[in-house]
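Contents: one structure, followed by commentary.
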Amino acid sequence: MNRRVFMAVAAAGAAKLADAQEVPEAIRKLRPMLDGVQPITDDERRARIEKARRLMRENKLDAIVLEPGSSMFYFTGTRGNAGDRVLAVVIPAKGELGWVVPMAQRKVGYEIRVATGAHVAKDDDDAFKLLARVLKDRGATRVGIEERVRFAVYDGIRKEAPSLEFVSADPVTAGCRVIKSPAEIALLQRANDITIEAYRAAFTTLREGMTNGELANNISAAFKALGTTGGAMAIFGKYTAFPHGSIAPQKLSEGDLVLIDDGVSVEGYQSDITRTVIFGKPTARQRQVWDLERQAQDAALRAANVGATCESVDAAARDVITKGGFGPGYKVPGLPHRTGHGIGLDGHEWTNLVRGNKTEIQPGMCFSDEPTIAIYGEFGVRLEDCMYITGSGAKMFTRQSPAIDQPFG
Amino acid sequence: MKEFGLSAIVLEPGPAMFYLTGVRWGKSERSFILVIPAKGEPAWVLPGFEEMRARELIHSGADIRVWQEDESPYERVAQALKDRGVAAGRVGMDDAARFFVFDGVRKEAPKLDYVSATQALKSAGVDLTQPAMGRRGKQ
């Protein structure tokens, strides 16, 4: 090695060391937690497609159209990122899946495991023609469009096939996705376990004067050390009243509440956990509101039984908060949003614990349980754990926070 | 818009919204929509509990219409269109708008004809290639 090369290597090594030293020890000593993770099998995906076909018949749909995203991944195992180009799959009620892939990505089509072959499109206009032809070949007249398909793609297909009727595919896609299999619950469990470990380490790094950005970076570093990736939201003091934080800069001081709300993904399955904890000693007011929040979270957990409506779970949490002197309804100070959302391959997915949702709770459904109490100008408290529904009631993936100064049970 | 025969444009968060208003917002399942009529003031339709955070980004005096968690954002969009005199004709949709947003709007305002807004936006000089994703809400 000549001297010049040696110098470059030494400099790179030093820079690496400096990076490593900025990460607090509690986070550096974390190790990946992905041992033994079982990905979803092709057999399970085939069973999902069969269920989708049944739901299509029940909902008088002849086919559904999906672009890359969580639903395409759910049914086919293909992520299929094609940038702005059109890549889509048609799942018909009868017959073979029909893939349309751009020339540059034609390999993606052949890598898919649950179907053979793909139509290769020269450009987007060609893709729309091919999609229209696939739909006609499968005898489709009423077509479900997956909820996140871009308007441009829908518009392109309808111009090529104006006689078809295009409606929402939600009864089929959400109809399948809302009920989780044991394999899915196991992946969600792992994502939750990793998130708790990251939070545990990140909370040891709290110190006077740190910014919320630093704490968020520590959480991200912890996720990385645990073998995964995830976004990070950390909020301090009075800004904890904003459910999604504020752009205002925040430095931690004695007596601040600290709220973190985050999650990771394991084989695509998401976690979403919030902890609100006191830095220093809580005031009587902070403790009282925190305890009320915990009672509201407990009430939703108890209410989430098989056969109960989703809206009744929201009402159970909201009643506790209203009786505690907040609200009513979405009025602040109080609970300005729904009590929870579905969770799976998307951090937020169907179906929601919200007023007006009369969907009955069934075994295999997964929800967040997170009734915020927001008091603008003072602070906010949110405790969020996710639950899965069993025949004998709702079970949390994680132990709830027992007290304002104890984030972990 | 007038050149392209559009009486309004409907945008989700993204490059066009950012270019025209400076507002970046993460797309989530909770619709956050900007209605720009050919005549009259634009109108914002956004989730009620995000109003405080949104007001940090949107200029004061703007027409902001909130929807609560059990309400339909698309009723608000349809009302905004009506308030600006858009009762018939063509409305330009953001090409990147998700199907559920378009589907929600067309159910509330079924007499309008929805077409792509891209040509009108491009000829107005809107740069549709800029990345403009804000942070996605976690709640």
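We did not get these values from a lab; they are worked out from the coordinates using the rules stated. Computed from a prediction, not measured in an experiment: that's the story for all the values here. Cβ placement follows ideal geometry from the backbone for every residue including glycine, while neighbour counts extend to all protein chains displayed.
Taking the Cβ-Cβ separation of A:ALA47 and B:LYS82 as r and a Förster radius of 60 Å, what is the calculated FRET efficiency to the nearest 0.05?
0.80
What does the helix-only formula give at 222 nm for chain A: each DSSP H stretch with n ≥ 4 adding -39500 (n - 2.57), the total divided by the residues, and the result rounded to the nearest 500 deg cm²/dmol?
The helix-only estimate for chain A comes to -12000 deg cm²/dmol at 222 nm.
Using only Cα atoms, locate the centre of segment B:32-98 and the centre of segment A:245-315, then give the distance between them in Å, rounded to an integer.
After rounding, the separation between the Cα centres reads 30 Å.
May I ask for the Kirkwood hydrodynamic radius of segment B:2-123, worked out over all distinct Cα pairs and given in angstroms to one decimal?
With all distinct Cα pairs of segment B:2-123 included, I get 14.3 Å.
Along the Cα→Cβ direction, 7 angstrom out, place labels at A:ARG142 and A:SER163. What is the inter-label distance in nm?
Result for the modelled spin labels: 1.8 nm.
Given Cβ point charges of +1 (Lys, Arg) and -1 (Asp, Glu) and nothing else, what value in debye, to the nearest 20, does the dipole of the protein assembly as shown about its Cα centre take?
Roughly 580 debye, rounded to the nearest 20.
Need the full-extension length gain, A:THR283 to A:PHE408, defined as separation in residues times 0.36 nm minus the C-alpha distance. One decimal, nm.
Contour length minus the Cα-Cα distance gives 43.0 nm.
How big is D for segment A:151-229, in µm² s⁻¹ as a whole number, if Stokes-Einstein is applied with the Kirkwood radius of its Cα pairs at 20 °C and 1.002 mPa s?
For these conditions, the coefficient is 128 µm²/s.
Tell me the volume per residue, in Å³, of the convex hull enclosing the alpha carbons of segment A:107-244.
203 Å³
What is the distance in Å between the Cα centroid of segment A:30-58 and that of segment A:324-389?
26 Å
What relative contact order, as a whole-number percentage, does segment B:2-123 give when Cα pairs under 8 Å and 6 or more residues apart are counted?
27 percent
Under a 10 Å cutoff between Cα atoms, tell me which one of A:VAL90, A:VAL149, A:VAL101 has the largest fluctuation in the Gaussian network model of chain A.
In this elastic network of chain A, the residue with the biggest mean-square fluctuation among A:VAL90, A:VAL149, A:VAL101 is A:VAL149.
Of the options A:ALA198, A:GLY334, B:ALA96, report the single residue whose Cα projects farthest towards the positive end of the charge dipole of the protein assembly as shown (beta-carbon charges: Lys, Arg +1; Asp, Glu -1).
Looking along the dipole axis, the top candidate is B:ALA96.
Using only Cα atoms and rounding to the nearest 10 degrees, what angle (0 to 90) does helix A:182-203 make with the longest principal axis of chain A?
30 degrees
Per residue of B:90-96, what is the mean number of Cβ atoms on other protein chains within 10 angstrom of that residue's Cβ?
Rounded to a whole number, the mean comes out at 3.
Farthest toward the dipole's positive end in segment B:2-123, which of B:LEU6, B:PRO42, B:LEU57, given Cβ charges of +1 (Lys, Arg) and -1 (Asp, Glu) about the Cα centre?
Most positive-ward Cα: B:LEU6.
Any idea what angle helix A:212-225 forms with the longest principal axis of chain A, computed on alpha-carbon atoms, 0 to 90 degrees, nearest 10?
With both axes taken from Cα atoms, the answer is about 60 degrees.
Connecting C-alpha atoms closer than 10 Å in a GNM of chain B, tell me which of B:SER60, B:SER116, B:SER72 has the biggest fluctuation.
B:SER60
From the cross-link list B:LYS2/B:LYS39; A:LYS159/B:LYS27; B:LYS82/B:LYS122; B:LYS82/B:LYS107, which pairs have alpha carbons spaced over 18 Å apart?
Flagged as over cut-off: A:LYS159/B:LYS27; B:LYS82/B:LYS122.
Any lysines with Cα under 20 Å of the A:LYS323 Cα? List them, leaving off those in the same chain fewer than 8 positions away.
A:LYS331
Taking Cα atoms, how many degrees apart are the long axis of helix A:284-303 and the longest axis of chain A, rounded to 10 and kept between 0 and 90?
30 degrees
Run lengths n ≥ 4 of DSSP H only: what is the helix-derived mean residue ellipticity at 222 nm for chain B, with -39500 (n - 2.57) per run over all residues, to the nearest 500?
Roughly -7500 deg cm²/dmol at 222 nm, from the helical runs in chain B.
Highest GNM mean-square fluctuation, chain A, Cα pairs closer than 10 Å: which of A:ASP262, A:ASP84, A:ASP43?
The residue with the greatest mean-square fluctuation here is A:ASP84.
If you average the sequence gap of Cα pairs under 8 Å that are 6 or more apart and divide by the length of segment A:42-177, what percent do you get for the contact order?
27 percent
Grab the eigenvalues of the alpha-carbon gyration tensor for the protein assembly as shown, scale each by 5, take roots, and send me the semi-axes largest first in whole angstrom.
Value: 38, 29, 26 Å, ordered largest first.
Once the dipole of the protein assembly as shown is set up with Lys and Arg at +1 and Asp and Glu at -1 on Cβ about the Cα centre, which of A:SER312, B:MET17, A:PRO92 lies farthest towards its positive end?
Toward the positive end, the furthest listed residue is A:PRO92.
Assign unit charges at the C-beta atoms only (+1 for Lys and Arg, -1 for Asp and Glu), then state the dipole size of segment A:42-177 relative to its Cα centre in Debye, rounded to the nearest 20.
Rounded to the nearest 20 debye, it is 300 debye.
Ratio of segment A:42-177's C-alpha Rg to 2.2 N^0.38 Å, to two decimals?
Output field value: 0.93.
For chain A, calculate the relative contact order in percent as a whole number, restricting contacts to Cα pairs under 8 Å that are 6 or more residues apart.
The value is 13 percent.
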